[in-house]
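Q: Have a look at this one.
Please treat every number below as a calculation from the coordinates, not as lab data. Predicted model only: the values in this text are computed from it and were never measured. As a convention, Cβ positions derive from the backbone with ideal geometry for all residues, glycine included, and neighbour counts pool all protein chains shown.
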Amino acid sequence: MSKVMLITGASRGIGAETARQAAARGYALCLNYRSRADAAEEIRAACAAEGAQAITCQADVADEAEVARLFATIDSQLGPISALVNNAGILETQSDLVDMSVERWRRVYEVNVLGTFLCSRAAVRRMSTLHGGKGGAIVNLSSRAADLGAPHEYVDYAASKGAVDAMTIGLAKEVGAQGIRVNAVKPGLIYTDIHADSGEAGRVDRLKVNVPMQRGGLPSEVAEAIIWLLSDAAAYTTASFIDVSGGR
Ligand code: NAP
């Protein structure tokens, strides 16, 4: 029987590439998305072409009832989940903190932090050997921004990823004896459409001069780290972080 993986935010970028690589490795997949149904269906078809069982499921990870529906869909259509990638994340237009609104902070925290908490809680309840589960692995998408702070761009986003870092360590320690590993990947400047959402589609190319390796990264290079952390090859790795950032 295939291992079952949920990837949140799998309709584009790092989530979509993780889906492709997971399909090639034989996982059964639930591809979550928020709004781009056509893009998610395209990724699902690509995964199916690899021979993987794959479904799509629209749900806002920041909404408790929608996350409950998302996991109920996985339970009924794919079976017991054993791998979760908390990938869905947002940022907003580049700005100094003094000019940001409370509504913006709420949006960023609700998706990046609350969404990660809600999906992790639902996954742990199913994976934990204490609850009759068979164990599993969780990978959170943090960011190098959590360490760099993202000044003049999005300190709120950086702080939300700092919260994800703390949660990764704490949850890993809570569930280490319950058959569940929890780790995080911290991408640097990766070529995806998220930068257009910040108001600067060419951000990676502007900043790549600051990267020791002198280039931006590819979604596939981040996906490789995610897939490794979820795999049995990482069986003794938990509460750990992998920077995929070209040294920045
Ligand atoms: P992206 O291209 O903007 O894709 C974001 C994905 O998340 C989309 O599939 C989107 O779905 C989904 N999503 C957004 N809000 C959602 C919600 N409330 N519920 C469910 N799904 C939601 O992002 P990316 O660049 O691949 O980034 C993926 C992760 O890596 C994020 O957590 C990001 O913070 C992190 N990261 C990225 C970089 C980078 O340079 N790209 C660097 C560091 C960390 P729809 O398209 O359907 O709306």
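Residues checked against (1) in a helix (DSSP H, G or I); (2) away from the ligand (no atom under 11 Å from the Cβ); (3) surrounded by fewer than 17 Cβ atoms within 10 Å (Cβ to Cβ):
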{"residue": "VAL164", "(1), (2), (3)": "yes, no, no"}
{"residue": "ASP205", "(1), (2), (3)": "yes, yes, yes"}
{"residue": "VAL222", "(1), (2), (3)": "yes, no, no"}
{"residue": "LEU229", "(1), (2), (3)": "yes, yes, no"}
{"residue": "THR237", "(1), (2), (3)": "no, yes, yes"}
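Q: Hey, another quick one. For the range 169-193: of the residues being more than 14 Å from ALA145 (Cα to Cα) and within 13 Å of the ligand (Cβ to nearest atom), which is surrounded by the fewest Cβ atoms within 10 Å (Cβ to Cβ)? Steps first, answer last, please.
A: At the first step, the residues of the range 169-193 found to be more than 14 Å from ALA145 (Cα to Cα) are 169-183, 191-193.
Among the residues that remain, those that are also within 13 Å of the ligand (Cβ to nearest atom) are: 191-193.
Working: TYR191: 17, THR192: 21, ASP193: 9.
Only one residue tops the list, namely ASP193.
Q: Considering only the range 207-220, state which residues are within 13 Å of the ligand (Cβ to nearest atom) and out of contact with any Lys or Arg (no Cβ under 6 Å at 6 or more places or on another chain).
A: Passing the criteria: LEU207, GLY217, LEU218, PRO219, SER220.
Q: Checking ARG215 against (1) among the basic types (Lys, Arg); (2) more than 19 Å from ARG121 (Cα to Cα); (3) not in a loop (DSSP other than H, G, I, E, B): exactly one of these is not met. Which one?
A: So the condition that ARG215 fails would be (3).
Q: Tell me the helices (runs of 4 or more DSSP H) entirely within the range 53-139 that contain at least 3 residues that are near the ligand (Cβ under 10 Å from one of its atoms). Talk me through it step by step, then tell me what you get.
A: On the way: elements: 64-77, 102-109, 115-127.
Filter on the range 53-139 gives 64-77, 115-127.
Q: If you don't mind, another one. Go through the range 194-203 and report how many residues are within 7 Å of the ligand (Cβ to nearest atom) and touching an Asp or Glu at 6+ places or on another chain (Cβ under 9 Å).
A: 1
Q: Residues being near the ligand (Cβ under 9 Å from one of its atoms) and either closer than 16 Å to LYS173 by Cβ or over 16 Å from the mean Cα position of the chain (by Cα) (or both): count how many of those fall in the range 140-161.
A: So the answer is 1.
Q: Let me ask something else. Find the residue count for the range 22-45, including only residues that are more than 10 Å from the ligand (Cβ to nearest atom) and crowded, with 18+ Cβ neighbours inside 10 Å. Write out each step before concluding.
A: We begin by selecting, within the range 22-45, every residue more than 10 Å from the ligand (Cβ to nearest atom); these are 22-30, 41-42, 44-45.
Then drop every residue that is not crowded, with 18+ Cβ neighbours inside 10 Å, which leaves 22-23, 27-30, 44.
The qualifying residues number 7.
Q: Here is a further query. Of all residues being assigned to a helix (DSSP H, G or I) and charged (D, E, K, R) in the range 1-21, which is surrounded by the most Cβ atoms within 10 Å (Cβ to Cβ)? Just the residue, please. So that I can check it myself, show each step before the final result.
A: Filtering the range 1-21 for residues assigned to a helix (DSSP H, G or I) gives 13-21.
Retained after the next criterion (residues that are charged (D, E, K, R)): 17, 20.
Numbers: GLU17: 24, ARG20: 19.
Taking the candidates together, the pick is GLU17.
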